[in-house]
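Following: one structure in structure tokens, then a few remarks.
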Amino acid sequence: MITPIVAEFLSTALMILFGVGVHCDTVLNGTKYHGSGHLFAITTWAFGISVCLFIFGGVCMNPAMALAQCLLGLVDWSMFVPYVIAEMAGGIAGAVVSWVMYADAFKASEGKVDGVAIRNIFSTNPLINDKPRSFFIEAFDTTIFLAGILCISHWGGENLLLVSICVGLLVWAIGMGLGGMTGFAMNQARDLGPRIAYQILPIKGKVDNNWKYGLIVPGVAPFVGSFLAVALVRFLGLY
């Protein structure tokens, strides 16, 4: 039986492998799916998360979700820090493996693809620099995301296939309807993990990694969403 901490690492790494991989596909030169667009990318994120949940079961893959489950008593508080470390490490590992897989495409894109676009393969960054509004959006999106997963898990029960598919649909809907301003990170491991990978990988022509945004918005706002999501599901009487 795989341990929960290892499951958090592997599931998060696989999620990021799908997500960073699809952004490599759409942005970099030399890929078969270059220029496929946001619908292609968001759908891959959604399907990828469904697959991860179906493979690994009831994993968090997200420090914000780990916090919410601790607040609800679903996960013991002693597991919070190990979960977060495993998830962040998984985010870094998944991004590094993606870079290895697409190394030839990164090389083919040197000096030809905008450096900001390459940075944004790894992390979420808004087109309009309005940090207070972006913080609100990320907190709001995370509230819907986490509360939605908790509700799906409540009603889906032990039906892992149904829960996995419904969570993927939730990600797809949030990405399409609410994600256009910030890139809907909703997850520190999804943003900060690959952002760290971008910082340390030998990618030529790097631009500023936008840590001022990354640490504040995708770094903190998802935790705010955790508290709001817990308050919402408790109000609904589900937990």
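The values are calculated or read from the model by the stated rules, or taken from the named source; none is laboratory data. Only a predicted model underlies this, so the values are computations on that prediction, with no experimental measurement involved. Cβ placement follows ideal geometry from the backbone for every residue including glycine, while neighbour counts extend to all protein chains displayed. Note: areas computed on protein heavy atoms with side chains; ligands, DNA, RNA excluded. Shrake-Rupley method; radii C 1.70, N 1.55, O 1.52, S 1.80 Å.
Within the set 3, 26, 44, the sole residue that is farther than 20 Å from residue 159 by Cα, hydroxyl-bearing (Ser, Thr, Tyr) and open to solvent by 60 Å² or more (accessible area, probe 1.4 Å) turns out to be 3. Of the set (1) aliphatic (A, V, I, L, M); (2) assigned to a helix (DSSP H, G or I); (3) farther than 22 Å from residue 14 by Cα; (4) open to solvent by 60 Å² or more (accessible area, probe 1.4 Å), all apply to residue 181 but (2).
I need the helices (runs of 4 or more DSSP H) fully contained in region 34-133, keeping only those with at least 1 residues that are within 16 Å of residue 5 (Cβ to Cβ) and within 19 Å of the chain's Cα centre (by Cα). I'd like the intermediate steps shown before the answer.
Values: elements: 38-56, 63-71, 80-101, 103-109, 115-122.
Correct list: 38-56, 63-71, 80-101.
Residues in region 203-224 that are more than 14 Å from the chain's Cα centre (by Cα), crowded, with 17+ Cβ neighbours inside 10 Å and under 21 Å from residue 179 (Cβ atoms): 210, 213, 224. Taking the listed residues 149, 216, the one that is farther than 22 Å from residue 74 by Cα and either assigned to a helix (DSSP H, G or I) or modelled with pLDDT under 95 (or both) is 216, with no other qualifying. Within region 132-155, residues that are over 12 Å from residue 184 (Cα atoms) and open to solvent by less than 20 Å² (accessible area, probe 1.4 Å) reach partners that are hydroxyl-bearing (Ser, Thr, Tyr) and in a helix (DSSP H, G or I) with beta carbons closer than 8 Å, at six or more positions or on different chains, in the pairs 146/226. Are any of the residues in region 69-77 surrounded by 15 or more Cβ atoms within 10 Å (Cβ to Cβ) and of a type in the set (Phe, Trp, Tyr)? No, there is no match, as no residue in region 69-77 is surrounded by 15 or more Cβ atoms within 10 Å (Cβ to Cβ) and of a type in the set (Phe, Trp, Tyr). The lone criterion from (1) part of a helix (DSSP H, G or I); (2) of a type outside the set (Phe, Trp, Tyr); (3) under 24 Å from residue 132 (Cβ atoms) left unmet by residue 207 is number (1). Return the residues of region 168-207 that are in contact with a Phe, Trp or Tyr (Cβ under 7 Å, 6 or more places away or on another chain) and among the small types (Gly, Ala, Ser); say none if nothing qualifies. Result: 168, 175, 197. For region 8-30, the count of residues that are part of a loop (DSSP other than H, G, I, E, B) and closer than 23 Å to residue 218 by Cβ is at least one. Just for region 78-103: of the residues that are aliphatic (A, V, I, L, M) and over 30 Å from residue 203 (Cα atoms), which one is least open to solvent (accessible area, probe 1.4 Å)? This residue is 79.
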